[in-house]
Structures are given as C-alpha cells and as structure tokens.
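Q: Handing you this structure, nothing more for now.
The values are calculated or read from the model by the stated rules, or taken from the named source; none is laboratory data. Note that the structure is a prediction, hence the values are computed from the model and not measured. Every residue, glycine as well, gets a Cβ built from its backbone with ideal geometry; the counts of neighbours run over all protein chains shown.
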Amino acid sequence: MRITIAAFVLVLALPAWAAPVQQPHSQAELVPERAAVTPGRPLTVGLHLRLEEGWHVYWKNPGDAGMPTSIAWTLPQGFSAGPMEWPAPRRIDVPPLTSYGYEGEVMHLTEIQVPSDAKPGAQVPIHAKADWLVCKEICIPASADFSLSLTVSSTPGDPDPRWTEAFAKARSAAPLPLAGWQATAYRDGDTLLLRVAPEAAGAPHLHGLAFFPEREGVIANAVRQTFARLDKGYELRMTVSPQPIGELNGLAGVLVADPGFGAARAVEIDVPFSPGPAPAAAAQAGLGFPTALLLAFAGGLILNLMPCVFPVLAIKVLGVAQQAHGHPAKLRTHGVLFALGVVLSFWAIAGLLLALRAGGADLGWGYQLQSSMIVAGLALLFFVLGLNLSGVFQIGTGVQALAGGIRAKNEHADALLSGLLAALVASPCTAPFMGAALGFALVQPALSAMLVFTALALGMALPYLVLCFVPALIRRLPRPGRWMETLRQALAFPLYATVVWLVWVLGQQAGIDGAAKLLAALVVVAAALWAVGHWAHAGRSARMTVRVAALILMGGALVLAWPQGQPGPRSEARVGGAWQPWSEGAVSSALAAGKPVFVDFTAAWCVTCQVNKRLVLTAADVEQRFVELGVTRLRADWTNRDGAITAALARLNRIGVPVYALYSPAQREPLLLPEVLTRSVVLDALQRAAPRAAPRYAISSEPARSSLAKKESP
Amino acid sequence: MMKTFAASAIAAAVGLAAPVALAAVAAGQAAPDFTLTDIQGKKHSLSDFKGKYVVLEWFNSECPFVQKHYESSNMQGLQKKYGEKGVVWLTINSTTPESSNYRDPARSQQIVKEWKINSAALMLDPEGKVGQAYGARTTPHMWVVDPQGKVVYAGGIDDKPTFRVADVQGARNYVAAALDESIAGKAVAVPAAAPYGCSVKYKY
C-alpha cells in the first residue's frame with residue numbers, strides 16, 4: 001500500500017544553536033530566551049512558528065477541524081518542562097466551518113525547571129519534537145526535531161536581543177486571570193450568555209468581545225457571536241453546539257476584548273452557569289431604542305434626497321401631480337399602498353439579513369450589492385426605466401405607474417410596486433443618521449431590529465403620504481401640461497448616469513469582460529424595446545410577434561449579462577497612491593508608531609462613499625492636511641463580501657458603509673465622522689486628532705513623553 | 001413585463017444565495033435518510049439498510065489524518081471486522097470538485113483498490129449536502145447508526161488527535177467501542193467525542 005503523506009519531512013537541527021526548520025508553508029524555530037542556564041532558575045524556551053500568508057496553525061481547541069500544535073521534550077535528569085503556553089487565538093472562518101488558531105506567526109512559550117545542583121560549565125542537551133498542522137484550503141502535517149546545547153552558568157546571561165520582542169509579544173498575548181471584572185454565564189435553551197462587568201469605575205470601554213471555548217462540543221463555532229453593551233457591562237451571545245460533547249455546566253476558555261480589560265487583552269474564563277434565566281439587562285449601544293427609531297426615521301426621510309433615490313422619486317411626484325385633480329380617496333389609497341410597498345421591501349431585505357447573520361454569515365447593510373448578479377440586474381432595470389422615460393416604448397403598467405401614467409390598469413399594484421422599487425434602489429445610499437441607527441438595530445433582538453427598519457421605511461415614505469393626504473399641498477403643485485413630458489424625458493438622464501455607475505461597479509466586481517457583457521446586454525435590451533415601441537401601433541398579430549421576439553431577446557440579454565462565477569480578485573489596485581489597503585494590523589502598527597490613522601470603509605456600489613471620496617477625501621486641501629499631519633490613510637474595500645471588514649464595522653457599532661474612522665495614538669476610541677462628509681468636517685476632525693498640529697494639546701496631553709525627551713537629550 | 005422584471009429583481013435581491021449553516025446530527029437523534037451514488041454508479045439510501053448497524057465514515061484520500069488510519073490498516077481492519085458481523089460501512093467523500101483534494105469516481109476506484117478499502121461503498125457527495133445535513137466537519141468524522149435508525153455514536157474515530165501512524169496503537173477507538181457495546185445490548189459509554197482531522201472541503 002502506497003499512501004503519500006505530503007511532505008512528512010523530519011529535519012534534524014544541528015546541536016548547538018537550533019537553526020530554523022523549513023517545512024512547506026511554515027518555518028519553525030526553537031529559541032531559548034537566554035543562551036545560558038542558571039542553576040535553580042527556570043528557563044523560558046519559545047517554539048516560534050512563522051507561516052506563509054493565508055496559512056494557519058491551530059489553538060489548543062482547534063474548533064471545527066484541525067489539530068493543536070504539540071511539543072514533546074527530552075531533557076537531562078533533574079530538568080522538567082512545564083505545559084506549553086497558548087497565546088490568545090483568532091477565529092479562522094472556512095465556511096461553513098470555523099477554526100481557532102494563528103496566522104502570520106505565533107510563539108509558544110514553555111518554562112523549563114533547572115535543578116539547583118546543575119554544575120556551572122556543564123553542557124545541557126535539550127531535545128524537543130514539535131508537531132503541527134498547517135492548513136489553507138488543504139492541510140499539511142509538519143514536524144521538527146530540535147536539539148540545543150546550553151551551557152550552565154552561575155550568572156544569568158542577557159536575553160537574546162533578536163528575540164526579546166517576540167518573547168514580549170508572546171507574553172502580552174497570553175491570557176491572564178480575570179481581575180477587576182465580574183464574569184457571569186447563563187444558559188437559556190440553545191443560547192449561551194457570557195456577561196462581563198467592571199468592578200470599579202474607570203475601566204476601559206469595550207468595542208467587542210470574542211470567546212474561545214477550551215474544549216470542543218460547547219458552542220457552535222461557526223455561528224456569529226453577538227456583542228452588546230448593557231447598562232452595566234457587556235454581553236456576548238453564543239449558540240450551544242449542535243454536536244454537544246459531555247456535560248455543559250459553564251463556560252471555560254479565553255475571552256478576548258477589544259481593546260482589552262485593562263492590562264490584559266485576553267483573560268481566562270471559567271464560570272459555571274448561574275441558575276435561572278439571565279436577569280434582564282437594558283441594552284444600550286451608545287443610543288437608546290427611542291433615539292435609534294428617531295434616527296432611522298430621519299435617515300429614511302433624508303434618503304429621498306440621496307442621489308440614487310432622487311430621480312426615481314421625482315418621477316413619482318410627477319405621477320402624484322398628474323392625479324392631483326382626481327379623487328382624493330383614490331390618492332390616499334395610493335399613498336398608503338406606496339408606503340406599504342416601501343415597508344415590505346425593507347422588511348424583506350432586513351429580515352433576510354437578520355436570518356443570514358443568525359446563520360453565521362458575515363454580512364452587513366448593502367450586502368445585496370456585494371452580489372454582481374444584483375448589480376447587473378439593477379443596471380438592466382434602471383436602463384429599461386430610462387428608455388421608458390425617453391419615450392422609446394410604452395408598456396403595461398409598472399413603468400407607467402412610475403412615470404406617472406394616469407391610465408394604469410391596476411393602480412393599486414402599481415403603487416405597491418413602486419414602493420418596493422424605491423426601497424430597492426435606495427440600498428446603495430446611506431443617508432446621515434442611518435449608519436448609527438442600523439448599527440444599533442443589528443445588535444438588538446429581531447423584533448426591535450425590525451422596528452428600526454420599519455422606522456427607516458416610514459421615514460422614506462413620509463413625504464408621499466403627506467402629499468397624498470393633504471389636498472392643499474397637491475393643489476400647490478403646478479397643473480399637468482406639456483412641461484411634465486419634458487421633465488419626464490429629462491429625468492431619463494440621471495437614470496442613464498446611474499446605469500453608468502452600476503456598470504462601473506460591476507467592472508470592479510467582475511472585471512472588464514463582465515462589464516462589456518453587461519453593456520452588450522444593454523444594447524440588446526435597447527433594440528428589443530425600440531422594436532416594441534416602433535411597432536406599438538401595428539396590427540395585432542404583428543404587435544404580438546414583436547413583443548414575443550422582444551421578450552426572447554431580453555431573456556437572452558439577461559443570460560448574457562449574468563456575471564459568471566465568483567467576484568473578481570479584491571480590487572486592491574484601486575487602493576492606490578497615498579491610500580493603503582486596510583487591515584487590523586496596519587491600524588495598530590501605525591498607531592504604535594505614533595501616527596494618526598484615517599480609515600475609509602467604502603464600496604464601489606455605495607454612492608455616498610464615492611461622492612465623499614471624490615469631493616472631499618481627495619480634495620487638494622484635505623490631502624495636503626493628511627500629508628502635513630502624517631496621517632496613515634487606509635481604505636477598507638467592502639465591494640465584495642469580506643468578513644474581516646464586516647467584523648471591524650461591527651466593532652464600531654456599524655453594519656454598512658460609508659464609515660469614516662479617525663484613530664489617534666493618544667485616544668483609545670476612534671472618532672467616527674458623519675456619513676456625508678464636508679471638507680470642513682474632515683479638516684476639523686484632523687485638527688483634533690493630530691497632536692502635532694496643535695501644540696497646545698500636545699503639551700497638555702503628553703507631559704510624560706516631553707519630559708522623557710528632555711532627560712535623554714544631552 | 002415591466003412589473004415581472006421588477007418583481008424578479010426584488011426576488012433576486014431577497015433570494016440571494018444563503019450561506020449554508022451547518023446542521024448537525026448528534027447521538028440520540030434519528031439519522032436522517034439520504035441517497036448517494038457510489039463510485040461504481042450505484043445508488044444507496046440509508047433506509048435500504050434499516051434493521052442493520054450502519055457506520056458512516058467521512059473520507060478524503062488526500063487528508064493526512066485519513067491516511068494515518070489507512071496507512072496503519074486501522075480503518076480497513078475495522079471495515080472488515082464489522083462487515084463480517086453484518087455492519088454496513090459507508091464511506092462518504094464530501095469534497096467539492098473545486099478543491100484540489102477532489103478525486104473523481106475513476107480515480108476513487110483506483111484508491112479503493114490500492115488501499116484495499118473494505119467498506120460496502122465509497123460514495124461521493126460533491127455538493128456537500130449529506131455532509132452538511134449531518135454536520136460532518138472533519139475527515140475522518142464518524143457516525144454509528146443502530147438498526148432502529150438512531151445515532152448511537154457521533155464524533156472522532158479515537159482519542160488520539162494526531163497525524164502520526166504510530167498513535168493508532170494504544171488509542172481508544174470510540175467507533176469499535178460503540179459498536180461492541182451496542183451490539184451487546186449495552187449503553188454506549190462515550191456517545192460523543194470531538195472529531196479531529198482536516199476540515200471537510202465543502203463547496204462554498
């Protein structure tokens with residue numbers, strides 16, 4: 001039997017100083033903290049694993065799949081090795097599975113006890129055999145045999161300077177016992193609640209929590225853990241493993257906090273379940289429920305003025321104006337149905353979003369547009385609407401209702417449908433106030449979340465409801481006449497512009513070939529609808545033939561435009577010049593270097609984002625200020641689905657783009673800028689965040705650093 | 001026409017490909033029925049084997065943990081031993097054709113021959129439907145189903161989560177224990193244990 005075990009190579013390191021052992025996709029090194037062994041003093045030895053990008057190794061509980069790294073020691077008489085330590089892991093999602101482990105590099109420390117009778121001058125041979133599993137899409141086992149020979153010395157030697165940072169990092173990543181905080185755990189059916197609350201005032205403000213269970217079979221690893229702020233403390237909600245192992249009496253494992261529980265970023269948790277249901281704790285996410293409703297309502301109202309909704313809704317007003325002199329009762333029904341359509345479509349989109357998130361998907365608001373198929377579909381839809389406004393064809397009911405036709409066959413259905421459509425076209429736009437309200441909604445129970453979305457929908461529908469219910473307003477609208485036809489045709493152009501933008505978005509997602517196919521489909525659609533319009537008054541059979549042919553052509557166009565396969569590669573090419581691609585690491589390393597960081601959470605399909613980028617973020621005076629203040633500019637591109645960005649947004653209590661976060665080294669929490677930027681808003685924020693720009697602040701906030709600098713200068 | 005177009009655009013927005021949430025079948029639950037085609041092209045359903053003990057083994061020939069149990073002849077030995085006692089051993093591969101670990105039926109037939117696999121059938125589940133219905137997470141990941149169709153064991157094959165062939169010796173084999181205890185009319189002492197190995201390479 002021949003079974004090829006991939007790359008099962010054992011490399012014997014030379015005794016003396018252990019050389020790094022190279023394995024496929026990973027490299028291992030055994031590093032003593034000091035070159036000398038001192039009698040009676042423990043020696044720390046680190047197993048350092050460096051991984052190729054995209055590859056990972058596992059934590060002590062690997063989660064859904066994997067194997068923990070292990071090390072076996074062979075030591076001289078009198079020496080003994082303690083347990084290998086595990087820095088706090090991270091979540092590694094390989095849908096539909098989730099593992100716990102490490103990416104990049106990891107250092108596992110082990111303390112070796114040295115007997116007090118070790119003779120100075122003697123050589124101490126240390127042998128260790130390490131096994132680890134390195135995985136990306138596939139898994140490769142790796143092993144290394146290490147041999148070190150250390151000299152016993154009565155005085156401890158200096159730590160190896162090449163490794164002091166790695167040792168310090170490993171120690172700071174180690175979970176510490178929970179101190180200064182109270183942890184409680186509850187089980188409520190299939191839901192597990194872990195609550196932490198500071199024991200005294202002045203504790204850091206948390207943005208997020210992640211729990212890593214010590215053993216398998218406790219929580220459903222792949223299901224999203226939801227974080228909420230309570231009136232006193234924080235709560236993390238998890239789901240019981242559907243494949244439970246053993247008794248579940250409490251929660252034991254590691255809890256990681258952003259930014260940390262004071263000195264520790266990660267703490268050890270071992271709490272039994274408290275009896276009974278969890279006491280009700282008022283959730284507060286910066287804003288209360290009534291505030292969130294109000295903000296959502298205001299956001300919905302303003303949504304009407306955003307560039308993606310305005311052209312469509314302007315047409316709607318024309319329709320109302322045309323009916324102005326009809327029956328008031330009919331008009332009122334129309335208004336109510338339109339509002340109902342808006343509410344229903346927001347419910348559908350939000351309900352699906354909540355369901356998918358409950359299923360563990362890393363999605364946020366605007367997820368619809370992360371699918372290139374939806375983008376292509378919307379482009380076709382807007383194009384057809386535009387052709388209709390231009391008068392290329394007149395058909396049926398839907399378009400006429402939108403365009404304000406008075407002879408619609410089924411006015412009720414039209415009103416409802418145009419409401420649905422209005423909400424659909426609104427999705428690329430985020431209005432002011434919306435971000436905070438929706439961010440709040442997503443950490444609430446489903447019912448409260450749906451109420452927030454309802455408030456948003458009602459806000460959006462309000463102007464039309466008012467218009468339809470107050471006849472006095474309608475009478476103020478100009479009388480229908482030729483001007484309406486002119487305006488109608490003119491309004492086709494904003495729609496065509498929208499199509500151009502959607503083609504560009506698709507180009508970002510599916511490449512130039514995808515965009516070209518969509519454009520070709522638009523030509524086919526134009527030809528089909530032109531034929532329909534051209535022969536609209538031909539004989540009955542000719543008319544039907546043309547319509548059937550047009551239908552077939554449009555079906556063909558849809559197939560043609562349908563984007564193939566997966567979204568294209570992350571369009572990092574777009575992140576050019578002064579803007580660097582975002583990552584958690586990029587933020588923290590810039591902050592560690594004392595630089596302020598500006599993060600632009602954006603997406604190609606987000607109109608508001610694009611407007612802000614072009615009019616504000618790349619404006620000459622703003623750019624100049626960025627350079628003067630040494631701000632690191634990072635762009636998080638959410639055009640395609642990206643779990644890391646969704647998680648980062650969640651920590652900022654947001655679920656959609658745009659979000660503009662300005663981090664300053666002196667402050668723990670980033671400053672969030674409004675969704676609609678102006679140059680003065682950005683410039684003011686930069687002024688506040690950058691101490692160097694305002695010496696007055698620099699002196700008052702960092703006296704320690706300036707006195708240190710004086711002491712060091714000769 | 002316009003109306004249907006708009007309606008289908010909305011339906012498309014709402015009916016977005018939902019990410020698959022992994023279901024799970026734990027010990028004590030009824031084993032859901034399924035039908036899969038084996039590498040010879042023959043269809044098998046779990047319900048065909050009602051009245052018999054059935055072992056479900058999740059398999060991927062390219063996974064070092066699966067190789068551990070075949071290189072040591074541990075898996076073939078169990079398949080043969082319990083096959084002779086009337087236990088139906090079904091080996092299932094849920095690897096997606098998009099993965100480099102995918103082996104088509106022809107190649108799988110060669111592997112069965114080379115490795116002398118003794119299970120009743122090796123079945124491919126390229127869409128991952130059966131794997132996800134059971135919540136198979138690793139290769140290997142094992143289920144033991146009793147003659148009444150109830151799961152009596154779900155989890156790892158043994159208690160030594162390593163890729164070393166030598167660790168098969170001296171490991172406590174949970175599948176053999178569950179079969180022995182259950183056939184003897186006793187309660188299964190360990191009905192669930194953590195599965196270990198490579199992740200199942202699902203289509204996503």
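Q: If I filter segment B:185-204 for residues that are surrounded by fewer than 16 Cβ atoms within 10 Å (Cβ to Cβ), free of Cβ contacts under 8 Å to residues at least 60 places away in the same chain and of a type in the set (A, V, I, L, M, F, W, C), do I get at least one hit?
A: Yes, there is a match, as at least one residue in segment B:185-204 is surrounded by fewer than 16 Cβ atoms within 10 Å (Cβ to Cβ), free of Cβ contacts under 8 Å to residues at least 60 places away in the same chain and of a type in the set (A, V, I, L, M, F, W, C).
Q: Mind checking which residues of segment B:28-72 are part of a loop (DSSP other than H, G, I, E, B) and in contact with a helix residue (DSSP H, G or I) (Cβ under 9 Å, 6 or more places away or on another chain)?
A: Initially, segment B:28-72 is screened for residues part of a loop (DSSP other than H, G, I, E, B), giving B:28-29, B:31-34, B:39-42, B:50-53, B:59-63, B:72.
Hits for segment B:28-72 are B:31, B:32, B:33, B:34, B:39, B:40, B:41, B:53, B:59, B:60, B:61, B:72.
Here is a yes/no grid of residues against (1) part of a loop (DSSP other than H, G, I, E, B); (2) over 23 Å from residue A:258 (Cβ atoms):
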position: A:77; (1), (2): yes, yes
position: A:84; (1), (2): yes, yes
position: A:102; (1), (2): no, no
position: A:117; (1), (2): yes, yes
position: A:120; (1), (2): yes, yes
position: A:127; (1), (2): no, yes
position: A:145; (1), (2): no, yes
position: A:156; (1), (2): yes, yes
position: A:161; (1), (2): yes, yes
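Q: Do we find that residue A:223 is crowded, with 20+ Cβ neighbours inside 10 Å and more than 14 Å from chain B (Cβ to nearest Cβ) in this structure?
A: no
Q: Identify, by number, the condition in (1) polar (S, T, N, Q); (2) in contact with a helix residue (DSSP H, G or I) (Cβ under 7 Å, 6 or more places away or on another chain); (3) surrounded by fewer than 18 Cβ atoms within 10 Å (Cβ to Cβ) that residue B:96 doesn't meet.
A: (2)
Q: Criterion first (in a loop (DSSP other than H, G, I, E, B) and modelled with pLDDT of 85 or more) does residue A:275 satisfy it? Show your work before the answer.
A: Numbers: in a loop (DSSP other than H, G, I, E, B): yes; modelled with pLDDT of 85 or more: no.
Considered against the rule, which asks whether it is in a loop (DSSP other than H, G, I, E, B) and modelled with pLDDT of 85 or more, residue A:275 comes out as no.
Q: Restricting to segment A:226-252, what's the tally of residues that are away from chain B (no Cβ under 14 Å) and not aromatic (Phe, Trp, Tyr)?
A: So in segment A:226-252, the residues away from chain B (no Cβ under 14 Å) come out as A:226-238, A:249-252.
Subset that is not aromatic (Phe, Trp, Tyr): A:226, A:228-233, A:235-238, A:249-252.
Residues in segment A:226-252 being away from chain B (no Cβ under 14 Å) and not aromatic (Phe, Trp, Tyr): 15 in total.
Q: Okay, next question. Can you tell me how many residues within segment A:590-614 are in contact with a helix residue (DSSP H, G or I) (Cβ under 8 Å, 6 or more places away or on another chain) and within 14 Å of residue A:682 (Cα to Cα)?
A: So the count comes out to 5.
Q: Hey, does segment A:113-132 have a residue that's touching a His at 6+ places or on another chain (Cβ under 6 Å) and under 17 Å from residue B:197 (Cα atoms)?
A: First pass over segment A:113-132, keeping only residues touching a His at 6+ places or on another chain (Cβ under 6 Å): none.
No: segment A:113-132 contains no residue that is touching a His at 6+ places or on another chain (Cβ under 6 Å) and under 17 Å from residue B:197 (Cα atoms).
Q: So which residues in segment A:494-516 are without any contact (Cβ under 8 Å) to a residue 40 or more places away in the chain and either touching a Cys at 6+ places or on another chain (Cβ under 8 Å) or not aliphatic (A, V, I, L, M) (or both), if there are any at all? Walk me through how you get there before you give the answer.
A: Here is the first cut: in segment A:494-516, the ones without any contact (Cβ under 8 Å) to a residue 40 or more places away in the chain are A:497, A:500, A:507, A:512-513, A:515-516.
Those that are without any contact (Cβ under 8 Å) to a residue 40 or more places away in the chain and either touching a Cys at 6+ places or on another chain (Cβ under 8 Å) or not aliphatic (A, V, I, L, M) (or both): A:507, A:513.
Q: Any chance you could count how many residues in segment A:188-220 are in a loop (DSSP other than H, G, I, E, B) and either within 14 Å of chain B (Cβ to nearest Cβ) or in contact with a Lys or Arg (Cβ under 6 Å, 6 or more places away or on another chain) (or both)?
A: First pass over segment A:188-220, keeping only residues in a loop (DSSP other than H, G, I, E, B): A:189-190, A:199-207, A:214-218, A:220.
Subsequent filtering for residues that are either within 14 Å of chain B (Cβ to nearest Cβ) or in contact with a Lys or Arg (Cβ under 6 Å, 6 or more places away or on another chain) (or both) retains A:190, A:207, A:214-218, A:220.
Adding up the residues that qualify gives 8.
Q: For residue B:189, indicate whether it is outside any helix (DSSP H, G or I) and either within 12 Å of chain A (Cβ to nearest Cβ) or more than 20 Å from residue A:70 (Cβ to Cβ) (or both). Spell out the reasoning first.
A: On the way: outside any helix (DSSP H, G or I): yes; either within 12 Å of chain A (Cβ to nearest Cβ) or more than 20 Å from residue A:70 (Cβ to Cβ) (or both): yes.
Here the answer is yes, as residue B:189 does meet what is asked.
Q: Now a separate question. Which one of A:137, A:216 is of a type in the set (Asp, Glu), surrounded by 19 or more Cβ atoms within 10 Å (Cβ to Cβ) and within 28 Å of the chain's Cα centre (by Cα)? Walk me through how you get there before you give the answer.
A: On the way: A:137 fails: surrounded by 19 or more Cβ atoms within 10 Å (Cβ to Cβ).
From the options A:137, A:216, the qualifying one is A:216.
Q: Residues to consider are A:247, A:268; find the one that is at pLDDT 75 or above, charged (D, E, K, R) and within 30 Å of the chain's Cα centre (by Cα). Break it down stepwise before answering.
A: Numbers: A:247 fails: within 30 Å of the chain's Cα centre (by Cα).
Going through A:247, A:268 in turn, the sole match is A:268.
Q: For residue A:81, all conditions in the list (1) among the aliphatic types (A, V, I, L, M); (2) under 23 Å from residue A:172 (Cβ atoms); (3) surrounded by fewer than 21 Cβ atoms within 10 Å (Cβ to Cβ); (4) within 14 Å of chain B (Cβ to nearest Cβ) hold save one; what is the number of the exception?
A: (4)
Q: Return yes or no: is residue A:125 exposed (fewer than 14 other Cβ atoms within 10 Å of the Cβ) and in contact with a strand residue (DSSP E or B) (Cβ under 8 Å, 6 or more places away or on another chain)?
A: Criteria met by residue A:125.
Q: Based on this model, can you work out whether residue B:119 counts as within 14 Å of chain A (Cβ to nearest Cβ), among the small types (Gly, Ala, Ser) and under 15 Å from the mean Cα position of the chain (by Cα)?
A: Details: within 14 Å of chain A (Cβ to nearest Cβ): no; among the small types (Gly, Ala, Ser): yes; under 15 Å from the mean Cα position of the chain (by Cα): yes.
In short, no.
Q: Which strands (runs of 3 or more DSSP E) does segment B:76-183 wholly contain that include 1 or more residues that are farther than 25 Å from residue A:62 by Cα and touching a strand residue (DSSP E or B) at 6+ places or on another chain (Cβ under 9 Å)?
A: Correct list: B:88-93, B:121-124, B:142-145.
Q: Next up: Looking at (1) modelled with pLDDT of 85 or more; (2) outside any helix (DSSP H, G or I); (3) not polar (S, T, N, Q), which is the one condition that is false for residue A:665?
A: All conditions pass for residue A:665, except number (1).
Q: I need the full set of residues from segment A:517-542 which are without any contact (Cβ under 8 Å) to a residue 12 or more places away in the chain, part of a helix (DSSP H, G or I) and surrounded by 14 or more Cβ atoms within 10 Å (Cβ to Cβ), in order please.
A: Answer for segment A:517-542, where residues must be without any contact (Cβ under 8 Å) to a residue 12 or more places away in the chain, part of a helix (DSSP H, G or I) and surrounded by 14 or more Cβ atoms within 10 Å (Cβ to Cβ): there is none.
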